[in-house]
Amino acid sequence: MTSRNQNRPPRSPSSKKEGVESIPLDKRRRIGMGRTGGATNAERKPFGSVNKKLDVAATSDVGSCVEGSDCGNVEFTKEEIDALVNERLKMKKFDHKGNMELVSELNARLKVCIKWFQKRDEAHVEGEGKLQKALDALEKKCAETEAEMKNKEERFSATISELRQDNTCVQERLVKEESEKLDAIACHRKENEARIALEALQASLSKDLEKAQQDILVANQRAASVDDMYKRLQEYNLSLQQYNSKLHSELEVARESLKRVEKEKSTIMENHSTLRGHYSSLQDQLNLARTAQDEALNQKDTLANEVKCLRGELQQVREDRDRQVAQVQVLTSDVVKYKESTSESCAKLEYLMEKTKSLEETCSSQREQIRLLEHQLTATNEKLKMSDLSSIQTRAEFEEQRRNVHDLQERLAETEYQLVEGEKLRKKLHNTILELKGNIRVFCRVRPVLPDDVAGSEQPVISYPTSTEALGRGIDVIQSGQKYPFNFDKVFNHDASQQEVFVEISQLVQSALDGYKVCIFAYGQTGSGKTYTMMGKPEASEQKGLIPRSLEQIFQTSQSLIAQGWKYKMQASMLEIYNETIRDLLSTNKSSGAENGAPGKQYTIKHDANGNTNVTDLTIVDVCRIEEISSLLRQAAQSRSVGKTQMNEQSSRSHFVFTLRISGVNEGTEQQVQGVLNLIDLAGSERLSRSGATGDRLKETQAINRSLSSLSDVIFALAKKEDHVPFRNSKLTYLLQPCLGGDSKTLMFVNISPDPASVGESLCSLRFAARVNACEIGIPRRQMTAQMTS
């Protein structure tokens, strides 16, 4: 007799906290079974003694529950255990078998409960072991920390003793001076007061030093926690990728098995259709044989009737012959005729008898054929039943495989969603870390190899590391067999599309709408793809650069924020710095003197106290739609200075600066934000030996290299945290002063060429980008105000 616990479903952990009302009906019936039967004289014993007796009394009854059922998964609550321990069986006086069954059932339930207690005890022991190990590790860590603190305390005590020795030396000198120079008491008093002030200053400075050290420790702890979180996110991302590949392989295996099942199903259906056709043909043959048999039986009956009639007529003729013996002579001729007719009748009779025998043989052979056909029909029916069963089984397997495939697809979709969410979280945390550090973010992009590039060695000069830490963030440049590794915030290889590049900066562009100053500029040698990265080809949707895509995102987001009460006003301006001269690219009345080299309108760069930059007399256009921006970009592209060199067919000969000022007001909260988006396409650095510039191109190249050299000086000064930063050495650096030394979110694109002949310029650009990435320019601040209502 098996225990009723076998039919009870396992309890969930959440149901352990519920009361007696939440116990299912079958449990309450089982627990209350002993309560309604009255009290007995059985004593309550500890679980240890009960467990020893169970092995002898209920081995056969409990074996099935322990070995082949789900009793190991049963959970007990406190109320169930109390009810099971306090349960008293209702014993009948002479029904020993029933009493034994009740006792064995109670013993089985008690044994299951005891085993559950043992498992819980083992789990508690294991948990205590783990906690003890963790406690030992923490104690060890505390001991190490105490030792380190003792070492620090000893160093501090040594420093204090040295200071005390110095103090005693000073006091001895003062005593000697007092004994030798009694006439200098007033001066000594002044020195004593100065010494007291210095000691107070030293104490205050020591307190400030301790506070600064504590702040440094807190900052280091925060940085370590952020680094640990970043590493865990990278490991989680790798595990998700591995799990995704595993799911793909399982999906391929499931698809192959599904194809095999479909082939088997098609073959079974073809056999089934052929068997049905054979069965129908056999049924037709059987019907034809039965009709032929019926016709033969009918012919036999008619022939038997004819034979009987002929025998009656023969007997009548013989009787007539006996009666008419006297008339034999008279009727001789009649007798001859009659004999002839009789002989013919006999011949016919014999022919009919032979025909009857042949028909009987035909009937017997047809009966045998009918029997064979019936056997074949039964065998065919059995095969048909087997094929139906196999087809049902195949269909069930097919449905199961389809469910498995659906589950795998759902798991794959969920995994891909988790992967995307993890990547978003990683980007968000990375941006937060960079904002907290105040560093300039640097992205590196490698342009594709062009047909005009010089064919170098078989080994490429640029490679990408495949390690987990450097994947997507590292780049290696090989020069003369030596590898130079670099790491940036993001590295795009030559296969990266414009959309992939824009996705990485989309959150930074969004910050301009939130009230931050944002600056994105492209740096690199001429012909490395800076203008393609920033502008692209606006007429082709897939090849649009960062500037058109950023403006489209800003206008789309501003339209979606109207529902939340935000209204934005945007103003655009575009200029270029050509030969250290500012040119307005949106000006409609350009002076001829400026075109011919004569001095035209002078533009001055000014910075206000809030860090905002203004250029005097610069054309500023109010824009409301993306079409207006596109028109302005086309006008600026036609006005920008472009020339031909030996390194680039269309080389930008000036620094292009696009500025979008954003002012937002929330009518509901009366909150105001002011953001600025600066998108800059710097002119490319180049060597005169390679560019072959002469005349005006030579002057342009020299001006470009001087301004980029000034930018390098500013970056070096910021990296060394010098007091003076030479922003005014160039119009470019003075214009970029709020982006490089203020509270702006700044991103630099360093573009490099995979051409082996340009590996030297690529190394210079990457080293400069590494120094830029190490610069700390301050934490960005949001420009927002709240209007006061009267």
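Taking θ as phi - 60° and the Karplus parameters 6.51, -1.76 and 1.60, the scalar couplings of segment 553-566 work out to 5, 5, 5, 5, 5, 5, 5, 5, 7, 4, 5, 8, x, 8 Hz in sequence order, x denoting glycine and proline.
Each Lys or Arg adds one and each Asp or Glu takes one away; over the other residues whose Cβ falls under 13 Å from the Cβ of Ala413, this sums to -4. Restricting the calculation to alpha carbons of segment 143-226 gives Rg and Dmax of 19.7, 65 angstrom. Could I have the simple spin-label model distance between Gln479 and Gln369, label points 7 Å from Cα toward Cβ, reported in nm to one decimal? About 10.0 nm, to one decimal.
Placing a label point 7 Å from the Cα of Gln376 along the Cα-to-Cβ direction, the residues of segment 267-297 whose backbone N falls under 11 Å from that point are 278-286. Direction-averaged projected area, Cα convex hull, segment 210-329: 14.7 nm², rounded to one decimal. Ordering 573-583, 713-723 by mean Cβ neighbour count within 10 Å, with the highest value first, yields 573-583, 713-723.
In this simple spin-label model, placing a label point 7 Å from the Cα along the Cα-to-Cβ direction at both Leu586 and Lys211 gives a separation of 4.8 nm. Each of the peptides 269-281, 505-517, 487-499 was scored by the mean count of other Cβ atoms within 10 Å over its residues; in descending order, highest first, they stand as 505-517, 487-499, 269-281.
If each residue of separation counts as 0.36 nm, what is the full-extension length gain between His406 and Ser709 once their alpha-carbon separation is subtracted?
Extra length available between His406 and Ser709 comes to 103.0 nm.
The fraction of accessible area contributed by carbon and sulfur in segment 97-204 is 58 percent, rounded to a whole number (1.4 Å probe; ligands and nucleic acids excluded). Each residue of segment 95-101 was assigned a 3J(HN,Hα) from its phi angle through the Karplus curve 6.51 cos²θ - 1.76 cosθ + 1.60 (θ = phi - 60°); the sequence is 8, 5, 5, x, 4, 5, 5 Hz, with glycine and proline shown as x. Protein heavy-atom accessible surface, 1.4 Å probe, per residue over segment 74-144: 69 Å². FRET efficiency for the Ile160 to Gln221 pair, using the beta carbon distance and R₀ = 35 Å, is estimated at 0.80. The stretch between Lys141 and Glu354 holds 64.7 nm of extra length on full extension. This uses 0.36 nm per residue minus the Cα-Cα distance. In segment 227-273, the portion of solvent-accessible area held by carbon and sulfur atoms comes to 54 percent [1.4 Å probe, whole percent, DNA, RNA and ligands not counted]. Site pair Lys720 and Cys764 shows an inter-label distance of 2.0 nm when each label is modelled 7 Å from Cα along Cα→Cβ.
Show the residues, 5+ positions off or on another chain, whose built amide H is closer than 5 Å to the amide H of Gln525. Here the answer is Ser685, since their amide H atoms fall under 5 Å of that of Gln525. If R0 is 56 Å, the Cβ-Cβ spacing of Leu471 and Asp95 corresponds to a FRET efficiency of close to 0.15. Taking amide H atoms as placed 1.01 Å from N in the peptide plane, the amide H of Asp489 lies under 5 Å from those of Val442, each 5 or more residues away in sequence or on another chain. Annotation: extensible slack from Val307 through Thr168 equals 33.5 nm (criterion: 0.36 nm per residue apart, minus Cα-Cα distance).
Atom-type composition of the exposed protein surface of segment 382-421 places 53 percent of the accessible area on carbon and sulfur (1.4 angstrom probe).
Once the 1.4 Å probe is applied to the protein heavy atoms, segment 243-382 comes out at 78 Å² accessible per residue.
Rounded, prolate or oblate: which fits segment 112-173 when a ≥ b ≥ c are the square roots of the eigenvalues of the alpha-carbon gyration tensor, with rounded for a/c under 1.5 and prolate only if a/b beats b/c?
Prolate is the answer for segment 112-173, as a/c is 1.5 or above and a/b outweighs b/c.
The values are calculated or read from the model by the stated rules, or taken from the named source; none is laboratory data. If you're wondering where the values come from, they're calculated on a predicted model, not measured in any experiment. All Cβ positions, even for glycine, are placed from backbone atoms using ideal geometry, and neighbour counts span all protein chains on display. The area values use the complete protein model at the heavy-atom level, side chains included, leaving out ligands, DNA and RNA. Shrake-Rupley method; radii C 1.70, N 1.55, O 1.52, S 1.80 Å.
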